[in-house]
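Have a look at the structure below before the remarks.
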């Protein structure tokens, strides 16, 4: 009996330490005490050094999320490989020129530029590429670039819902329930389109000063030229290959995951850059955002600590008692709660923590077999429980628009603003973010309700 008591006490102690570590890491990131990668890595290593999990177990939890890491790495390399062609600068400049001196057209142009790109590329990566173009252009045409950067972030985060691979949080949830690229397009892309349209509708109100502005001196804008056009044509073939196999990969006789497709596309892009000598493989790989990848790995370890010590299972049990089998209420609750949390907690660690909790909940109330809890489960989830996960996608992605720390693309934009002499304060972002987020969560709730629950 004494041994059992000691065992229970030890488990409780480990659970408490896991929770405190996770909360401490998130808090340190929120208040910017530490760089987010350093904070997450310290938290993960703390769990190892306190023997809550072994190093092998920690690596095992990272391995379970290999598809997410593979997709991120592949897309980062693919985008960076074609940076020497100057294609992104060229497109952004053409959008501004097409605005023809109209603030309204400039705002709509940013929406039209960012939306299709962020439907297929991670939003933080896209903002990293396009946001540096905004300040010098805004200076040339006489408007404040901060609202334009904030608009770019809103559109980037919202359009990530258009496809399965557009936002890291969306992909993590979709991968967890084995939804295919095509199934996502047919069932959820309309919700992403509604999110983007919601941003467009608010432009005359939230960005009214720029909306009413007539821009001048367009002739003085920088006019970047496309470099290496032949390389760019071959690159377009590679990108087209990646996009096509994103769509059909799951339906081939031997299925190919989006992560595998992204890695193959990245390898072909590296080969092209090396053979054409537009850049070296060393330079491309050096510029990959390794900090973000390490951050994700560390977060997966922190979530693994919550899973191993039984915290996630306990929270799922509480959900089971409160919600029972009321999927309609549970889905709406998840959407708004996750949306609120995602505005102050980066959405990646949030969904990584929520996915196993929701899985355990549907098993506890008898809506899904215990087999769905296995990390290698490849079957179909019962259709009646999927709205829970869809609601989580919308809440996590759209909630990131709420505050400056809600999404990685927000932080990227803030860093670029500081490099150009202006600071996006928490209060300034909040002024734009709260109205957008409230409207988007309401419209997303209506979409989930009408499309899946009624």
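What is the one condition in (1) assigned to a helix (DSSP H, G or I); (2) in contact with a helix residue (DSSP H, G or I) (Cβ under 7 Å, 6 or more places away or on another chain); (3) closer than 23 Å to residue 153 by Cβ that residue 385 does not satisfy?
Result: residue 385 passes all but (3).
Show me the helices (runs of 4 or more DSSP H) entirely contained within the range 148-220 in which 2 or more residues are surrounded by fewer than 19 Cβ atoms within 10 Å (Cβ to Cβ).
Answer list for the range 148-220: 181-187, 189-206, 208-211.
Looking only at the range 3-16, decide whether some residue is modelled with pLDDT of 85 or more and closer than 30 Å to residue 427 by Cβ.
Within the range 3-16, not a single residue is modelled with pLDDT of 85 or more and closer than 30 Å to residue 427 by Cβ.
With respect to residue 394, determine if the residue is crowded, with 24+ Cβ neighbours inside 10 Å, modelled with pLDDT of 90 or more, assigned to a helix (DSSP H, G or I) and under 21 Å from the mean Cα position of the chain (by Cα).
Yes, satisfied.
Any residue at all in the range 401-410 that is at pLDDT 90 or above and more than 24 Å from residue 186 (Cα to Cα)?
Yes, that holds for at least one residue.
Evaluate the following for residue 441: is it at negative phi and either surrounded by fewer than 24 Cβ atoms within 10 Å (Cβ to Cβ) or at pLDDT below 95 (or both)?
No.
Given the conditions (1) assigned to a helix (DSSP H, G or I); (2) surrounded by fewer than 19 Cβ atoms within 10 Å (Cβ to Cβ); (3) under 26 Å from the mean Cα position of the chain (by Cα); (4) at pLDDT 85 or above, and given that residue 274 satisfies all but one, which numbered condition is not satisfied?
Result: residue 274 passes all but (3).
Check whether at least one residue in the range 102-110 is under 22 Å from residue 258 (Cα atoms) and either modelled with pLDDT of 85 or more or within 23 Å of the chain's Cα centre (by Cα) (or both), and report yes or no.
Within the range 102-110, not a single residue is under 22 Å from residue 258 (Cα atoms) and either modelled with pLDDT of 85 or more or within 23 Å of the chain's Cα centre (by Cα) (or both).
What about residue 341, is it under 20 Å from the mean Cα position of the chain (by Cα), surrounded by 23 or more Cβ atoms within 10 Å (Cβ to Cβ) and either assigned to a helix (DSSP H, G or I) or touching a residue at least 24 places away in the same chain (Cβ under 8 Å) (or both)?
No.
Within the range 323-331, identify whether any single residue is within 28 Å of residue 124 (Cβ to Cβ) and part of a helix (DSSP H, G or I), and answer yes or no.
There is at least one residue in the range 323-331 that is within 28 Å of residue 124 (Cβ to Cβ) and part of a helix (DSSP H, G or I).
The values are calculated or read from the model by the stated rules, or taken from the named source; none is laboratory data. Because the structure is predicted, anything quoted here is derived from the model rather than measured. We place every Cβ from the backbone using ideal geometry, glycine too, and count neighbours over all the protein chains shown.
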